[in-house]
1. Picking from A:Asn148, A:Asn191, A:Asn233, which is most flexible by a Gaussian network model of chain A using Cα springs under 10 Å?
2. Counting only other chains, and only Cβ atoms inside 10 Å, what mean value do you get across the residues of B:147-157?
3. Alpha carbon centre of segment B:1-70 versus segment A:168-208: separation in Å?
4. Can you compute 3J(HN,Hα) from phi for each residue in segment A:79-86, using the Karplus curve 6.51 cos²θ - 1.76 cosθ + 1.60 with θ = phi - 60°, rounded to whole Hz and x for Gly and Pro?
5. With all pairs of different alpha carbon atoms counted, what Kirkwood hydrodynamic radius in Å does segment B:105-246 show?
6. Using only Cα atoms, tell me the angle between helix A:28-50 and the longest principal axis of chain A; keep it within 0 to 90° and round to the nearest 10.
7. Using a 4.7 Å cut-off between beta carbons, which cysteines in chain A end up with no partner cysteine at all?
8. Sort B:Lys131, B:Lys164 so that the residue with the fewest other Cβ atoms within 10 Å of its own Cβ comes first and the one with the most comes last.
Amino acid sequence: MTAQVRGVAAPTRAQVPAGTLRTDRWWLLPAATTVGLLTFVVYGGFRAFQQQYFFADERYLTPFYSPCVSLGCASEPGSAHFGMFLPDHPLIPYAALSLPFLLVFRLTCYYYRKAYYRSVWIAPAACAVPEPHAKYTGETRFPLILQNAHRYLFYLTVIISLINTYDAIVAFRHPDDGFVVGIGNVVLLANVVLLWCYTLSCHSCRHVMGGRLTHFSKHPVRYRIWTWISALNTRHATFAWITLGTLVVTDLYVLLVASGTITDLRLVG
Amino acid sequence: MTYTARLRVWRGDTGGGALTDYEVEVNEGEVVLDILHRLQATQTPDLAVRWNCKAGKCGSCSAEINGRPRLLCMTRMSVFEPGETLTVTPMRTFPVIRDLVADVSFNYAKAREIPSFTPPPDLGPGEYRMKQADVGRSQEFRKCIECYLCQNTCHVVRDHEENKPAFAGPRYLMRVAELEMHPLDIADRVADVQDEHGLGLCNITKCCTDVCPEGIKITDNALIPMKERVADQRYDPLVWLGRTITRRRDRPARG
């Protein structure tokens with residue numbers, strides 16, 4: 001018995017000779033989402049393990065290598081702001097303390113869940129389009145019940161975002177030239193601002209900051225914060241995609257400068 | 001502009017049915033329900049279609065137009081190309097009664113499963129006082145017209161008939177959220193929403209929000225906040241520890 005016989009073709013329902021009668025290009029969005037997510041995963045995976053071209057102009061550290069805590073970070077003096085203690089091994093990313101958590105934060109994010117459930121898992125690909133699965137248990141069982149740990153990843157991501165912010169700020173100081181502003185600073189700063197927009201617009205953040213309250217009137221400060229986060233939260237999906245883009249652009253910029261392909265344009269200093 | 005539209009309307013009942021072709025006149029400013037009424041008046045007087053207010057407020061005329069769950073009375077003909085064939089079927093998640101009329105009693109049964117508003121026992125009728133900031137969230141959910149388009153489009157029951165006993169559907173999960181967030185409701189609904197109403201089955205793919213004719217943000221404002229409250233109670237050891245220390249385990253989220 002196929003999913004369709006169980007679903008819209010189940011007995012007692014109107015017997016329509018098609019799983020879906022949608023005439024629009026409903027497949028386009030899930031297809032584009034799959035391509036977008038796959039592109040990021042492939043690029044991010046390649047860069048995380050490349051272990052090269054991650055620190056440019058003695059001050060730009062790419063977010064894919066932040067914090068740089070591997071012994072291998074010694075190849076780029078000044079890139080390790082928090083010590084070097086992880087072994088230098090090809091299978092251990094230099095930012096092994098942050099990348100797995102950032103990945104799981106996005107995997108358990110309410111927006112990305114929607115995105116990959118629809119595109120990769122096809123449950124469902126689009127509204128009123130039958131899904132191919134014969135059985136469905138949602139997020140009631142292992143492993144998907146672990147999606148409930150999203151808030152912990154949020155807490156960890158706040159810490160990592162603080163580290164990214166620190167990286168963006170210290171990048172204004174060149175070891176020889178002192179305070180300088182280059183295009184790379186603008187790129188790093190824009191990236192970190194957008195990362196904060198994504199992180200703070202998180203549904204778990206909205207809940208923790210005030211959503212869990214029943215009487216907002218008794219907690220005016222938390223209510224105000226909840227209101228701000230709610231406004232940001234309406235754009236959570238937009239920030240989710242924008243930050244995938246800015247992470248790649250920022251990393252690519254550092255890579256190109258570090259490899260000598262382009263030169264960073266100094267605006268000040 | 002007046003033109004002749006091509007319609008394919010599902011005709012039948014539980015014994016079977018088929019899409020039947022018609023050609024019907026369309027005038028400027030008309031909605032799909034107007035066209036079905038003209039079809040009924042001029043060609044098929046036995047066509048069954050449920051409707052009432054014709055203003056998007058009663059939630060009666062829910063159906064599927066070109067495969068998309070919509071209100072017949074709020075779908076303008078002008079959104080379709082004049083040469084386009086319109087396919088109209090009943091909602092496909094519920095049993096069909098006849099033609100475009102579906103049996104939505106599943107939803108009434110789910111409504112009855114939710115314990116009603118529970119004010120404090122010492123508060124009598126007429127004594128309810130609450131601040132706007134506290135009721136704002138619940139008020140959004142009160143805009144629901146119970147058209148059941150969200151219930152119809154939710155794949156949890158649309159594609160899996162076997163989930164119907166365990167899953168209340170987005171409309172009634174939202175009803176639980178409305179009561180849970182109500183400043184005067186003292187019932188603890190968090191355990192029930194997971195165990196009795198099937199919140200865990202929801203995978204937040206937002207189709208309910210996409211089809212809501214009232215524009216209620218069902219997923220972001222009701223379902224996800226309820227998932228977070230469940231996480232508070234079930235999956236967050238820090239919250240559990242905090243409540244244990246402060247002895248607030250009996251009524252956790254009432255700030």
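1. The residue with the greatest mean-square fluctuation here is A:Asn148.
2. The mean count of partner-chain Cβ atoms within 10 Å per residue comes to 3.
3. One Cα centre to the other: 55 Å.
4. Calculated HN-Hα couplings, in order: 7, 9, 8, 10, x, 10, 9, 7 Hz.
5. Details: mean 1/r = 0.0627 Å⁻¹.
For segment B:105-246, the Kirkwood estimate is 16.0 Å.
6. The helix A:28-50 is inclined about 30 degrees to chain A.
7. Cysteines lacking a close Cβ partner in chain A: A:Cys109, A:Cys197.
8. Numbers: B:Lys131 12, B:Lys164 18.
Fewest-to-most Cβ neighbours within 10 Å comes out as B:Lys131, B:Lys164.
Read-outs: derived from the displayed coordinates by stated rules, not from any lab. Everything numeric in this text was worked out from a predicted model, so none of it was measured. As a convention, Cβ positions derive from the backbone with ideal geometry for all residues, glycine included, and neighbour counts pool all protein chains shown.
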